[in-house]
Amino acid sequence: MLIEEMMRTDIIKLKADDSIENALKLLNDYHIRHIPIVDDDNKVVGIVSDRDVRDASPSIFDRQSGANALKNDIQSIMSSPVITVHPLDFVEEVAAIFYDNEIACVPVTRENKLIGMITEKDLLYTLIQLTGTHEQGSQIEIKVIDRPGILPEVTQIFGKRKMNINSVLIYPYKPDKKFKILVFRIQTMNPKPTITDLQSAGYEVLWPNLPGMSL
Amino acid sequence: MTCKSGFVYSPDVVNYKFQEEHPFNQTRVVMTKDLLDKAGTLSNEQIITPRYATDEEIQLVHSRKYVDTVKKAGEGKLTEEECLEFGIGTEDTPIFTNMHEASSLLVGSTLAAIDAVLDGDYDHALNLGGGLHHGFERKASGFCIYNDGAVGIRYIREQYGYRVLYVDTDAHHGDGVQWAFYDDPGVCTFSIHETGRYLFPGTGNVNERGLKEGYGYSFNLPIDAFTEDESFLELYESAFTEIVNYFQPDVIVTQNGADAHFLDPLTHLCGTMNIFEKIPLLAHQLAHEKCEGKWIALGGGGYDIWRVVPRAWAQIWKIMLGEQPFKGKLPEDWRNHWQPKSPVTLPSTWHDVANSYKAIPRKQEITEKNAKVLESCMQLIYNQKNMPSQKSGH
């Protein structure tokens, strides 16, 4: 899936000379955790997180004397330079960026202009879509030899039964690298006939996959 | 205590039939009625003859376009391609002749049960042909075309304005009914089911709690595969009692799928007959304690129609009469009549014999995990109970 299909385009943003107080208000009003900072050309020059703002805010024990701290410009606390992504990047790439840099949000830019935002939450939502668990279905897990052509061999068994597939995932089989586990979510309440077909074709169906269970 | 109860029944219930080999088979309703007849607990005066639901009634939940599609499909006027958008013509819900009529009889039967209790002088009523909880506004799924339970509940809301508690003990999540009333605070849905990790439909997580005004009126207990009687009942009884006290319903509608049994071919729960007498016993008791007896029970799933469903469903009726559950031997003439038709040996007693399935190796872990599910499901109620000062402070 492409970033442009999952990004948010209703962006809450600030200029570098806006006050920290302003940022605090936006974070609270919109229940967001990151605000991109842009210049007059809508180019991303920084980003602030709710933690940056909280660090700059006076302690709850010190509200009166510290109130002036919030009058400072946002540029005094923003992170810069900012990691950005392109609308044609893939969901996997953004996942890797979040993981490697230990961050939870990136602005999306095209021709150096801010056009969207992607957060950890958007990523998880997309992941739920990819697993197909948001649609009605039954899950089947099959252990197969890791070789070219195995997937179409298995899926034609579903096709013969006119069984619609909601999603396919492929996991490594940890104990033995020669195998992979195929996870299908199929649109049926009665996976039994399909499982029987798979078994008679010689596939090992791990289902339900509870270690130590042999019922 | 003796209760006046109605048994909704028409021999035409079997017209809701997909294909010969399809797991959903309404012969189980006929078998249950026959079992009750032969056990001497069902008389003609107790039978309520159902009606067909009108299009307007079905459209309380389903879209007009969907109803039209079901009609046309049943008259052979649509190709499978044209129906697929509506979930019809799939392996689960194939097209069959007069499917609209057959489905609207099931809805009409549930409405008849509701009227008997809310408008008539019945304490309780039972429609074993209903409980088709996977039907959606414009989509058939999971063997269900029209969602009689959802239509019935909306009918109760419109005709009587009562607060309805829906309790679903089918091994599959009662998704269709849950989503139909997800934002309605006048309807509380409670479903206990095998976790959707593998099993259809996949939903029914603890965190599905309702939306907007309906938040806090949807309860789910997704229990682990291989859950046995003890743990099932601990969760069911504790949650049901808490929810009744919390929601204060005017009427209880139960969906009594009988597929949580260890013999059921489609699920992986390990219940025995024991749960199928405890489930209606508590529903009956709570209906009397909190709803002046108003209780409507529906059927649902149940795919071992020979060994499991008739026994399980007959107990609902027995308990509905205010009597003790059946014990001992099944009527001999019932077994003699059905045994020749059955591919498996029919049971001879009302209860399952001890140790009828292999011991579950991870019982302790499963029990512990289920207890955690219960705790997290009930958290919402506990929070309200234990923090009245904070609640009023808002």
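Considering the conditions (1) within 23 Å of residue B:93 (Cβ to Cβ); (2) in contact (Cβ under 8 Å) with a residue 12 or more places away in the chain; (3) open to solvent by 20 Å² or more (accessible area, probe 1.4 Å), residue B:64 is excluded by exactly one of them, (2). Of all the residues in region B:237-269, those that are within 19 Å of residue B:31 (Cα to Cα) and hydroxyl-bearing (Ser, Thr, Tyr) number 0. So, in region B:1-53, of the ones that are polar (S, T, N, Q) and in contact with a strand residue (DSSP E or B) (Cβ under 6 Å, 6 or more places away or on another chain), which residue ends up least open to solvent (accessible area, probe 1.4 Å)? Step by step, filter region B:1-53, then rank; the result is B:5.
Kindly indicate whether residue B:283 is in contact with a helix residue (DSSP H, G or I) (Cβ under 7 Å, 6 or more places away or on another chain) and crowded, with 21+ Cβ neighbours inside 10 Å. Here the answer is no, as residue B:283 does not meet what is asked.
Each row is one residue, and each column tells you yes or no for (1) open to solvent by 50 Å² or more (accessible area, probe 1.4 Å); (2) of a type in the set (Gly, Ala, Ser); (3) touching a Lys or Arg at 6+ places or on another chain (Cβ under 6 Å).
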site: A:31; (1), (2), (3): yes, no, no
site: A:35; (1), (2), (3): no, no, no
site: A:38; (1), (2), (3): no, no, yes
site: A:41; (1), (2), (3): yes, no, no
site: A:45; (1), (2), (3): no, no, no
site: A:48; (1), (2), (3): no, no, no
site: A:55; (1), (2), (3): yes, no, no
site: A:60; (1), (2), (3): yes, no, no
site: A:72; (1), (2), (3): yes, no, no
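Do we have any residue at all in region A:142-153 that's within 11 Å of another protein chain (Cβ to nearest Cβ) and open to solvent by 40 Å² or more (accessible area, probe 1.4 Å)? There is no residue in region A:142-153 that is within 11 Å of another protein chain (Cβ to nearest Cβ) and open to solvent by 40 Å² or more (accessible area, probe 1.4 Å). Residue A:122 meets all of the listed conditions (1) modelled with pLDDT of 95 or more; (2) under 10 Å from the mean Cα position of the chain (by Cα) but one, namely (1). Evaluated against (1) touching a residue at least 24 places away in the same chain (Cβ under 8 Å); (2) out of contact with any helix residue (DSSP H, G or I) (no Cβ under 6 Å at 6 or more places or on another chain); (3) open to solvent by 10 Å² or more (accessible area, probe 1.4 Å), residue B:207 falls short on exactly one condition, (1).
Within region B:225-268, how many residues are within 14 Å of another protein chain (Cβ to nearest Cβ) and either aromatic (Phe, Trp, Tyr) or free of Cβ contacts under 8 Å to residues at least 24 places away in the same chain (or both)? Total satisfying the criteria: 2.
Against the condition exposed (fewer than 15 other Cβ atoms within 10 Å of the Cβ) and over 20 Å from residue B:151 (Cβ atoms), how does residue B:56 come out, does it pass? So residue B:56 does not fit the description; no. Report yes if some residue within region A:70-80 is more than 17 Å from residue A:110 (Cα to Cα) and touching a residue at least 60 places away in the same chain (Cβ under 8 Å); otherwise report no. Looking for residues that are more than 17 Å from residue A:110 (Cα to Cα) and touching a residue at least 60 places away in the same chain (Cβ under 8 Å), one finds at least one in region A:70-80, hence yes. When region A:83-114 is limited to residues that are part of a loop (DSSP other than H, G, I, E, B) and without any contact (Cβ under 8 Å) to a residue 60 or more places away in the chain, the one that is farthest from the chain's Cα centre (by Cα) turns out to be A:111.
Of the residues making up region B:176-189, one or more are under 19 Å from residue B:258 (Cβ atoms) and of a type in the set (Gly, Ala, Ser). Of the residues screened, residue B:222 is not one that is modelled with pLDDT of 95 or more and either more than 14 Å from every other protein chain (Cβ to nearest Cβ) or more than 20 Å from the chain's Cα centre (by Cα) (or both).
Report, by residue number, each residue of region B:162-215 that is acidic (Asp, Glu) and within 12 Å of chain A (Cβ to nearest Cβ). Correct list: B:170, B:175, B:194, B:208.
Residue-by-condition table, conditions (1) more than 14 Å from chain A (Cβ to nearest Cβ); (2) among the hydrophobic types (A, V, I, L, M, F, W, C):
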{"site": "B:316", "(1), (2)": "yes, yes"}
{"site": "B:322", "(1), (2)": "yes, no"}
{"site": "B:329", "(1), (2)": "yes, no"}
{"site": "B:358", "(1), (2)": "no, no"}
{"site": "B:364", "(1), (2)": "no, no"}
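In region B:212-224, the residue that is surrounded by the fewest Cβ atoms within 10 Å (Cβ to Cβ) out of those that are in contact (Cβ under 8 Å) with a residue 40 or more places away in the chain and not in a strand (DSSP E or B) is B:216.
Selection of region B:68-95 for residues being away from chain A (no Cβ under 14 Å), crowded, with 19+ Cβ neighbours inside 10 Å and either in contact with a Lys or Arg (Cβ under 9 Å, 6 or more places away or on another chain) or in contact (Cβ under 8 Å) with a residue 60 or more places away in the chain (or both) yields B:69, B:70, B:78. Taking region A:158-195 as the search range and keeping residues that are more than 13 Å from chain B (Cβ to nearest Cβ) and open to solvent by less than 40 Å² (accessible area, probe 1.4 Å), which one is farthest from residue B:203 (Cα to Cα)? The qualifying residue farthest from residue B:203 (Cα to Cα) is A:181.
The values are calculated or read from the model by the stated rules, or taken from the named source; none is laboratory data. Everything numeric here is computed off the predicted structure, so don't read it as measured data. Positions of Cβ are generated from backbone atoms using ideal geometry, with glycine treated the same way; all protein chains shown enter the neighbour counts. Note: accessible area is taken over every heavy atom of the protein model, side chains too, but ligands, DNA and RNA are not part of it. Shrake-Rupley method; radii C 1.70, N 1.55, O 1.52, S 1.80 Å.
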